[in-house]
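These notes concern the structure reproduced below.
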Amino acid sequence: MGLTTALALQRPGVTVTLIDRLTPGSGTSSGNAGIIATSSVHPEAMPGLLSSLPAMLLSPQGPVRLRPSFLLQQFPWLLRFLAQARPQRAETASVATSALSKPALRFWDGLLQQVGLPSPFTRKGLLYAYGSPRSFTEALRDNAYRTRRGITFEVLDGAAARALEPALAPSLAGAIYAPEAAHHPWPQTLSDQLFERFRARGGLFVGGAVAALAREGGQVRVHGLGAQPLADQLFLCAGAYSATLAKQLGWPVPLVTERGYHILHPAPGLELTRTVLFPELGFAATPMAEGLRLAGTVELASLEAPPAWDRAEVLSRNALRMLPALRGPGVKPWLGFRPSLPDSLPVLGAAPDAPQEIFFAFGHGHLGLTQAAVSAACLAALAEGEAPPLDLGPYRIDRPFPLF
Ligand SMILES: Cc1cc2nc3c(=O)[nH]c(=O)nc-3n(C[C@H](O)[C@H](O)[C@H](O)COP(=O)(O)OP(=O)(O)OC[C@H]3O[C@@H](n4cnc5c(N)ncnc54)[C@H](O)[C@@H]3O)c2cc1C
């Protein structure tokens, strides 16, 4: 988010400084599944969640794990998240998710063209594959959301899905194919190229951790970097780490991290043409530059909790059920931090009390790669005092998050 926003803000006469304690894009944005998920319009909390959650949590190999410490520290977030599963709230969140995800590739292409980079995406669509007939039937019911959002998709039986991806298990119940989605074959390369372009176009980079942000008149003081610069306009894009900084600016938000893992199979013994997502197991398999990346699952735990590497190994074990030819072992297990709000929508827009000085772009949850370019275009328009390309009302930082 920081990289796309910084690039979108660059204009003659405007100096943009990017601050990051890491190499930009090398954190959570480097290890995701690479999907530009134009077809993913379902919020994480969907109707029926309450009845399915206990089984998910009780299975050690299930897609969701809840650490007891999270339950103690973030119980109100959990209540707010469950409250979002009401049908009308899920529908509202789906409309707002779709507004950011459906045009994602168009905005990515626009940004890349603007900075002189070729489009790097593999445009072979996205396959949502289901092992059990019950999950497949439920998924077909949820397709109504895609129909209402105008998403193109095809329903495939197991044989038709295997015709697209022969590596899938013969027992597959069925799949949903979204032909307009795409994937990036190595997201870190995308970030590296964006960073190179940012600097080549005159962007400044300060490597260091922001300790605190403080409002001073119409400006924002950035503490912790030695010089303590004053920014005329500040854009907060610190992913899962944004909550403390937003609070210092006067805007507390219920932001947590849904932690996720990946593991790489450098010589997987099989070929996929496109990303295959296994929603009932909570992960995706993406053919990438260095092998097959298995990425996903949700672990509700704090940013500081130690990694649970068995979650990464579970990815390989579960993948064997759907991709029986998979060869192991997986290597380089990785942990990332999805920034998540209870309604699965980001915070995107200006601070209501400082509409020309402070801007937010964080909390993109499972869809940060998808939505990074469209979000950046929205902020760049606001910064110029122009109308953003879409209504930012649903993403306001002061929107309500009801407990029930
Ligand atoms: C396993 C997994 C799979 C995923 N798959 C996909 C996918 O296929 N498609 C998709 O669209 N999304 C996917 N996502 C989600 C996506 O990766 C995230 O939404 C996205 O990376 C968030 O980007 P960000 O820029 O907001 O945060 P980050 O990438 O975390 O960047 C935040 C930056 O802020 C910096 N920072 C934080 N605090 C400070 C501070 N105090 N001072 C200085 N710097 C600071 C950090 O160093 C970091 O570089 C996946 C996520 C995971 C975990």
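We did not get these values from a lab; they are worked out from the coordinates using the rules stated. This is a predicted model, so every value here is computed, not measured. Ideal geometry is used to build each Cβ from the backbone, glycine not excepted, and the neighbour counts take in all protein chains shown.
Key figures for this structure:
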quantity: Convex hull volume per residue in cubic angstrom - Cα atoms of region 70-216; calculated: 224
quantity: Translational diffusion of region 320-404, µm² s⁻¹ [Kirkwood Rh, Cα pairs; Stokes-Einstein; 20 °C; 1.002 mPa s]; calculated: 140
quantity: Under the Karplus curve 6.51 cos²θ - 1.76 cosθ + 1.60, θ = phi - 60°, whole-Hz ³J(HN,Hα) for region 248-265, x wherever Gly or Pro sits; calculated: 4, 8, x, 10, x, 9, x, 9, 10, 10, 9, 6, x, 10, 9, 9, 10, 10
quantity: Modelled label reach - residue 387, point 7 Å along Cα→Cβ, region 90-116 residues with backbone N closer than 14 Å; calculated: none
quantity: Relative contact order computed over the chain (Cα-Cα under 8 Å; 6+ residues apart), in percent; calculated: 25
quantity: Compactness relative to 2.2 N^0.38 Å, alpha carbon Rg of region 81-134; calculated: 1.66
quantity: The chain - mean residue ellipticity at 222 nm from DSSP helices (-39,500 (n - 2.57) per run, n ≥ 4, rounded to 500); calculated: -10000 deg cm²/dmol
quantity: Percentage, to the nearest whole number, of Cα pairs in region 40-96 over 12 Å apart; calculated: 69
quantity: Two-decimal log10 I(q)/I(0) for region 133-199, as the Debye equation yields it once each C-alpha is a single scatterer, q = 0.14, 0.20, 0.28 Å⁻¹; calculated: -0.61, -0.86, -1.19
quantity: Region 212-260 and region 365-403: distance between their alpha carbon centers, rounded to Å; calculated: 17
quantity: Residue-count net charge about residue 347 - beta-carbon cut-off 13 Å; Lys, Arg +1, Asp, Glu -1; calculated: +1
quantity: Exposure proxy order (Cβ contacts within 10 Å, fewest to most) of 109, 343; calculated: 109, 343
quantity: Cα-Cα separations in region 259-404 greater than 26 Å, expressed as whole percent; calculated: 41
quantity: Total formal charge among the other residues, if their Cβ is under 13 angstrom from that of residue 396, Lys/Arg +1 and Asp/Glu -1; calculated: -3
quantity: Cα convex hull volume per residue for region 1-153 (Å³); calculated: 183
quantity: Region 12-104 - charge dipole about Cα centre, Lys and Arg +1 at Cβ, Asp and Glu -1, debye rounded to 20; calculated: 160
quantity: Computed over region 1-81, the ratio Rg/Rh where both radii use C-alpha atoms and Rh is Kirkwood; calculated: 1.11
quantity: Two-decimal log10 I(q)/I(0) for the chain, as the Debye equation yields it once each C-alpha is a single scatterer, q = 0.06, 0.07, 0.12 Å⁻¹; calculated: -0.22, -0.31, -0.94
quantity: Added length on full extension, which subtracts the Cα-Cα distance from 0.36 nm per residue, residue 117 to residue 132; calculated: 1.2 nm
quantity: Amide H contacts under 5 Å for residue 35, placed H, 5+ residues apart; calculated: 184
quantity: Computed lengthening from residue 157 to residue 228, 0.36 nm per intervening residue step minus Cα-Cα distance; calculated: 19.6 nm
quantity: Extreme residue, positive dipole direction of the chain, given options 383, 298, 256 (C-beta unit charges); calculated: 298
quantity: Burial ranking of peptide ranges 364-373, 131-140 (average Cβ count within 10 Å, highest at the top); calculated: 364-373, 131-140
quantity: Under the Karplus curve 6.51 cos²θ - 1.76 cosθ + 1.60, θ = phi - 60°, whole-Hz ³J(HN,Hα) for region 96-104, x wherever Gly or Pro sits; calculated: 6, 5, 4, 4, 8, 8, 4, x, 4
